[in-house]
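Take a look at the structure below.
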Amino acid sequence: MSKQRIPLIRQAAALKSYFPTSKITRKGDQEITWIHDLHPTPLSSIYKVKLCYKKGKGIKISVLEPYPLLRAEGIPDLPHVYSNEKQELCLYYPRDKEWTPNMYYVTTIIPWISEWLLHYEIWVGTGIWTGGGIEHGPKETTNSELENASQIAS
């Protein structure tokens, strides 16, 4: 796999190829935003999600709708998020470089969003997070860690 960041025009083309009805905006090769409805399983709800990548700042994934996301009974905070308020998902561990900008969103981040949503639905029903990952609160991995992981691969 190439160690160079995939140009955002190529990321946009791949996103449009896989998700022709999605909304994509790009600011040159510095920033890209993708908004689309995901339906993780035939029995799942539909979620409007937003992916935003800024060169040197990393990638952020948010659930725009529904807002707010339901919580499991008696549990006030969402599992594996950076922000409950912004519904900003934790999909990978930046320190381990599980995702870098030299990877296509359509083969990494977007399947991970769907997987997170599936485990979220199980969590709402059971109160148990089945999605694995490293236990943390919403603020354990800071945005500066995300930025550092992104800059290493930029």
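The figures follow:
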{"item": "Any hit, the stretch 60-72, residues being within 25 Å of Gly127 (Cα to Cα), at pLDDT below 95 and in contact with a Phe, Trp or Tyr (Cβ under 8 Å, 6 or more places away or on another chain)", "result": "no"}
{"item": "The stretch 55-80: number of residues that are closer than 24 Å to Thr100 by Cα and either of a type outside the set (Val, Ile, Thr) or open to solvent by 60 Å² or more (accessible area, probe 1.4 Å) (or both)", "result": "9"}
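For every residue, the table says whether it meets (1) hydrophobic (A, V, I, L, M, F, W, C); (2) out of contact with any Asp or Glu (no Cβ under 9 Å at 6 or more places or on another chain).
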| position | (1), (2) |
| --- | --- |
| Ile46 | yes, no |
| Lys57 | no, no |
| Leu78 | yes, yes |
| Glu115 | no, yes |
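The values are calculated or read from the model by the stated rules, or taken from the named source; none is laboratory data. It should be emphasised that the depicted structure is a prediction, and the values quoted were computed from it without experimental measurement. Every residue, glycine as well, gets a Cβ built from its backbone with ideal geometry; the counts of neighbours run over all protein chains shown. SASA here: full protein model, heavy atoms, side chains in, ligands and nucleic acids out. Shrake-Rupley method; radii C 1.70, N 1.55, O 1.52, S 1.80 Å.
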